[in-house]
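Let me begin by presenting the structure, written as structure tokens, before commenting on it.
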Amino acid sequence: MVGFKNRYMVVEVFLDPNKELPVDDPVILTQFNVSKAIRDSILVNFGECGLASSLGSFQVKYVNPITKLCIIRASREDCQKVWSAMTMVRSIGNCLVLFNVLDLSGPVRMLH
């Protein structure tokens, strides 16, 4: 049996990196917000065909709105496309954001 070959990215999100005093977060990070921003960026930068090819395994698995860390799954073939699309994301809602990929790893295997 052949499993899907996915890659997992641990991503840090900087909200409004030019702001000097962190008073309040202008937007709350959710799986929907992050996923929509990345999907829109894939559509703009790679077109409908690029979006369709990457949606098969693309998923925002985890978002922590306090630490601003996310785990994003993508297929091995589309990992670089998703990574570069994240680099092009400039805002979520009306808030400026910056994505920083901290780690890229392969599949997590469970031992029985």
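What are the pairs, 6+ residues apart or on separate chains, where a residue within segment 93-106 that is touching a residue at least 24 places away in the same chain (Cβ under 8 Å) has its Cβ under 6 Å from a residue that is surrounded by fewer than 11 Cβ atoms within 10 Å (Cβ to Cβ)?
Close Cβ pairs satisfying both conditions: LEU98/PRO17.
Go through (1) more than 22 Å from LEU104 (Cβ to Cβ); (2) modelled with pLDDT of 90 or more for ILE42 and report which single condition fails.
ILE42 satisfies all of (1) more than 22 Å from LEU104 (Cβ to Cβ); (2) modelled with pLDDT of 90 or more except (1).
Please go through segment 45-76 and pick out each residue that is open to solvent by 30 Å² or more (accessible area, probe 1.4 Å), β-branched (Val, Ile, Thr) and assigned to a strand (DSSP E or B).
ILE71
Can you find a residue in segment 14-28 that is at pLDDT below 90, polar (S, T, N, Q) and open to solvent by less than 70 Å² (accessible area, probe 1.4 Å)?
No; the residues of segment 14-28 include none that is at pLDDT below 90, polar (S, T, N, Q) and open to solvent by less than 70 Å² (accessible area, probe 1.4 Å).
The values are calculated or read from the model by the stated rules, or taken from the named source; none is laboratory data. Note that the structure is a prediction, hence the values are computed from the model and not measured. Quick reminder, even Gly has a Cβ in these numbers, built from the backbone with ideal geometry, and neighbours come from all protein chains shown. Keep in mind that these areas ignore ligands, DNA and RNA; they rest on the heavy atoms of the full protein, side chains included. Shrake-Rupley method; radii C 1.70, N 1.55, O 1.52, S 1.80 Å.
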